[in-house]
Amino acid sequence: MKIISPLGMHARPASELVKMLRGCSSKVTFSFRGKQADASSMLSLLSLGLKCGSEVDVSAEGPDEFDVLAEVEEFILHMDK
Amino acid sequence: MRVCGCKGVSKGRAEGPVFIARRSCMPSGNGDVASNSESCDPQAEKRTFEEAAKAVADELHGLSVKSGIDVTSAGLFSAHEEMARDPALHDSVCAYIDGKRLRAEEAVSGACADFCARLEALDDPYMSGRSADVTDVCNRIRERITGRGAGVFGALKEPSIVMAKEFFPSDFAKMDFSFVRGLVSCRGGYTSHASIMARSRHIPAAVGLSPEDLDKISNGDTVFLDGGSGEVAICPDETAKAALEAVPSHAVGDENSGYDDGFVNAGSVEDVERAISEGAEGIGLFRTEFIFLHSEGGFPSEDNQVSVYSRAAKACCGKPLVIRTLDIGGDKQLPYFKLPAEPNPFLGMRGIRLSLGSMSDCFKTQVRAIIRAYSSFPNIAVMFPMIVSTKEFEAAKATLSGCVEDLSGEGLEFVSKEPISTGCMIETPAAVLLADELASEADFFSVGTNDLTQYLQAADRGNPEMDGIYSSGTEALKRALDMIFKAASDHGIRCRICGEIKPE
């Protein structure tokens with residue numbers, strides 16, 4: 001999945017994403033350049049250093065994994081819009 | 001009523017309600033893990049952290065809601081709220097508590113540093129800048145744990161007898177002294193910092209209270225303290241109080257700090273003002289640690305230090321002011337500059353060792369500030385602590401002359417043509433044995449008998465069990481002083497004693 005927001009994954013969207021995922025039952029993991037981040041942790045997400053154009057792998061594991069993945073995809077597409 | 005027999009360390013009597021400084025667990029002498037990690041209950045520390053983090057997150061949530069249409073602030077507070085709730089932060093803090101047996105606030109510092117390092121390592125100024133947010137949130141949590149920056153002493157709001165298991169030098173930066181009628185602690189001895197502070201401020205104090213007795217005392221209990229006899233009466237009735245007051249309070253130790261020439265020690269500009277107004281002939285030791293301990297948000301700036309030293313020198317009205325460069329390490333730690341834990345801090349990085357080592361920038365700033373103050377106030381002299389070799393003393397002097405050169409190059413003009421008088425502290429056995437060589441390098445000696453006795457006797461001066469061994473050191477100290485004075489007079493330099501112990 002590609003980050004298209006010109007500001008990258010900065011503090012505000014990261015905190016929104018964390019809040020959004022709090023309602024789900026699946027564990028979401030972001031992987032980027034060999035580093036992995038638990039998407040329930042804003043600090044871990046920020047530590048990945050995702051910029052505009054970064055290609056990130058998103059995986060979800062749990063009962064609602066498909067729905068969650070779709071939501072994350074939607075979120076990243078519309079981040080900062 | 002119960003009377004506890006303690007050891008009086010600062011004479012005078014005081015009565016008032018008790019204020020007990022109970023801490024989450026006891027930090028050891030060097031403010032870190034090492035010696036008394038046993039007393040830290042990891043479960044309790046984790047709970048302390050969880051509660052503080054939740055309170056901070058809720059508070060930030062409230063701020064975010066209150067910001068309303070101010071979208072920028074609302075977004076910021078909301079992001080900070082998420083950081084306070086961040087599971088990775090919680091995991092990291094708990095790992096520090098479990099793994100290193102740290103106190104909650106220390107674990108937060110550790111975790112905070114890790115996250116900041118990770119963010120700063122990113123090749124992106126925006127992301128690196130987020131480390132400031134992490135620091136801010138962690139500071140909020142830490143302050144919540146320790147009680148709003150002032151720590152446990154923030155709640156000290158009425159004149160009280162302050163009690164603690166142990167007082168630490170940094171405590172005195174956090175206490176409002178107008179509310180301190182007396183000090184009582186379990187740990188500590190006649191020459192521990194709290195006792196010296198108490199005497200310099202004429203506050204009655206006693207040490208050696210048993211921890212069991214401390215546990216039985218409640219905040220607000222009335223206490224009668226005699227800092228001379230060391231009697232601490234809990235909830236005394238009127239007859240008992242009258243009886244206690246009838247006994248003359250006996251003097252403890254030597255009030256004039258061992259100087260025979262009217263010089264005294266000082267740790268602040270106020271101390272200097274008081275001493276000079278009471279007739280002191282000069283300040284033989286101006287401690288600079290308290291400037292650094294009081295400094296919020298990191299090291300005091302050069303300008304800030306110039307102002308303090310100049311005010312102190314001015315308060316001396318032309319009488320000598322001997323400024324000792326920063327002597328931290330040992331039992332003295334700065335809240336914003338954590339030194340690594342050491343098994344034997346008194347035998348580790350302290351005084352000039354730090355100044356010539358990891359704190360050389362801070363040392364240079366201080367030396368520049370002292371020289372700038374000296375340029376207008378030639379009654380200032382400088383001395384270096386914890387010297388063990390001529391090499392160290394020469395290195396410190398080299399820094400000094402380098403700074404003089406730089407400042408002259410920057411156009412600083414000196415009132416006096418004489419170079420600043422530069423002294424060597426004699427407080428280690430090595431310096432005693434090398435006194436002859438050091439005397440040829442130094443303009444004067446200043447003997448720190450408290451530390452010298454501690455090192456001669458191999459007896460921790462903060463340990464009440466060592467009081468006997470420590471105070472029996474006068475014969476050895478006397479011989480050491482003979483050697484020091486002989487070396488000084490052979491080289492025609494002045495030698496002063498600035499400790500509290502002085503043999504006949």
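Under 19 Å from the Cα of B:K338, which aspartates and glutamates turn up, not counting those fewer than eight places away in the same chain?
Counting by Cα, and skipping residues close in sequence, B:K338 has these aspartates and glutamates nearby: B:D32, B:E105, B:E106, B:D114, B:D136, B:E143, B:D171, B:E289, B:E296, B:D327, B:D361.
Using only helices, what value at 222 nm comes out for chain B when you add -39,500 (n - 2.57) per DSSP H run of length 4 or more and divide by the total residues, to the nearest 500 deg cm²/dmol?
Theoretical 222 nm ellipticity from helices: -14000 deg cm²/dmol.
Suppose R0 equals 25 Å. What FRET efficiency, 1/(1 + (r/R0)^6) with r the Cβ-Cβ distance, do B:L347 and B:R479 give to the nearest 0.05?
0.65
Can you tell me how much longer the chain between B:R47 and B:R494 gets when fully stretched, taken as 0.36 nm per residue apart minus their C-alpha distance, in nm with one decimal?
Gain on stretching B:R47 to B:R494: 155.2 nm.
Using Cα pairs under 8 angstrom and six or more residues apart, how large is the relative contact order of region B:34-146, in percent?
Answer for region B:34-146 is 30 percent.
Going down the table (B:K364/B:K417; B:K241/B:K332; B:K7/B:K314), which pairs top 32 Å between alpha carbons?
B:K241/B:K332; B:K7/B:K314, as the Cα separations exceed 32 Å there.
Report, by chain and number, residues whose modeled amide H sits under 5 Å from the one on B:V447, excluding near sequence neighbours (fewer than 5 apart, same chain).
B:I426, B:R496, B:I497, B:C498
Got a sec? How would B:F445, B:F337 order by Cβ neighbour count within 10 Å, fewest to most?
Taking fewest neighbouring Cβ atoms as first place, the list is B:F337, B:F445.
How high is the FRET efficiency from B:F177 to A:T29, r the C-beta distance, R0 45 Å, rounded to 0.05?
0.25
I need B:D98, B:D460 ordered by Cβ neighbour count within 10 Å, fewest first.
Listing B:D98, B:D460 from fewest to most nearby Cβ atoms yields B:D98, B:D460.
Using 0.36 nm per residue of separation minus the Cα-Cα distance, give me the extension gain between B:S301 and B:A117 in nm, one decimal.
Length gained, B:S301 through B:A117: 63.7 nm.
Would chain B count as rounded, prolate or oblate if I go by the C-alpha gyration tensor, calling it rounded below 1.5 in a/c and otherwise prolate when a/b exceeds b/c, oblate otherwise?
oblate
Only bridges with both residues in region B:163-238 count here: give the DSSP antiparallel percent, nearest 5.
40 percent
Looking at region B:263-497, send over the antiparallel percent of its DSSP beta bridges, to the nearest 5.
10 percent
Calculate, in nm to one decimal, what B:D98 and B:D361 gain on full extension: separation in residues at 0.36 nm each, minus their alpha carbon distance.
91.2 nm is the gain from fully extending B:D98 to B:D361.
Counting DSSP beta bridges with both partners in the protein assembly as shown, what percentage is antiparallel, nearest 5?
Bridges in the protein assembly as shown that DSSP calls antiparallel: roughly 45 percent.
Using only Cα atoms, find the angle between the long axis of helix A:65-78 and the longest principal axis of chain A, and express it within 0 to 90 degrees, rounded to the nearest 10.
The angle comes out at about 20 degrees.
Go through region B:414-504 and name the trypsin sites (Lys or Arg not before Pro) that are in a DSSP coil and have 12 or fewer other Cβ atoms within 10 Å of their Cβ.
Here the trypsin sites (Lys or Arg not before Pro) that fit, given the DSSP loop and packing criteria, are B:K417.
Please sort by residue number the GluC sites (Glu not before Pro) in region B:390-421 whose DSSP state is loop and whose Cβ has at most 15 other Cβ atoms within 10 Å.
Here the sparse-neighbourhood loop sites are B:E410, B:E413.
Can you tell me the FRET efficiency between B:E158 and B:R22 if r is taken as the Cβ-Cβ distance and R0 is 22 Å, rounded to the nearest 0.05?
0.80
Apply the Karplus curve 6.51 cos²θ - 1.76 cosθ + 1.60, θ = phi - 60°, to the phi angles in region B:78-93 and return the couplings in whole Hz, x for Gly and Pro.
Calculated HN-Hα couplings, in order: 5, 5, 5, 4, 4, 5, 5, 8, 4, x, 5, 5, 4, 4, 5, 4 Hz.
Which residues' amide hydrogens lie under 5 Å from the amide hydrogen of A:L50, considering only partners 5 or more residues apart or on another chain, with H built in the peptide plane?
A:M9
What are the ³J(HN,Hα) values, in whole Hz, obtained from phi via the Karplus relation 6.51 cos²θ - 1.76 cosθ + 1.60 with θ = phi - 60°, for each residue of region A:36-48 in sequence order, with x given for Gly and Pro?
Once rounded to whole Hz, the list reads 10, 9, 6, 6, 7, 10, 4, 5, 5, 4, 4, 5, 6.
Every number here is computed from the coordinates shown, using simple stated rules; none is lab data. All values reported here derive from a predicted model rather than from experimental measurement. Neighbour counts are summed over all protein chains in view; Cβ atoms, including those assigned to glycine, are modelled from backbone coordinates with ideal geometry.
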